[in-house]
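What follows draws every value from the coordinates through simple rules; no lab data is involved. A quick note: this is a predicted structure, and the numbers were derived from the prediction, not measured. Backbone-built Cβ (ideal geometry, glycine too); neighbour counts: all protein chains shown.
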Ligand SMILES: [Zn+2]
């Protein structure tokens, strides 16, 4: 998974948003590795989020990694927001990992955490964006 993590970090550095340097990468089921970065400064929310930009490159069974890179280079919270989760889940991703507050790469529990949240927050963009990066 080191390759995917370093690719996600490199993608995060290409983010057009200086505040949210988010990068996402994935190993597709067919073995290809793809990446995307946050572009919310030129593409409006939610389509500019790295995960949604990545979603169109994925296939069923992809494993996704999302990282946020601070200005000092440390990793920060990059848990996908509800809109991005819905996009990733609709593609049929197998697993999602993200960098947490401690800079560790952790696995998102799709069954316990995501599915109950998606309908609850789907109608509230404000809540969804707040849950995205734990401001
Ligand atoms: Zn998002």
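Remarks
- Condition check for residue 12: in a strand (DSSP E or B) and in contact with a strand residue (DSSP E or B) (Cβ under 8 Å, 6 or more places away or on another chain): no
- Once segment 8-17 is narrowed to residues that are more than 16 Å from the ligand (Cβ to nearest atom) and in contact (Cβ under 8 Å) with a residue 40 or more places away in the chain, the residue that is farthest from residue 79 (Cα to Cα) is 13.
- Among residues of segment 75-95 that are without any contact (Cβ under 8 Å) to a residue 24 or more places away in the chain and at positive phi, none has a beta-carbon under 8 Å from a residue that is assigned to a helix (DSSP H, G or I) and within 9 Å of the ligand (Cβ to nearest atom) at least six positions away or on a different chain.
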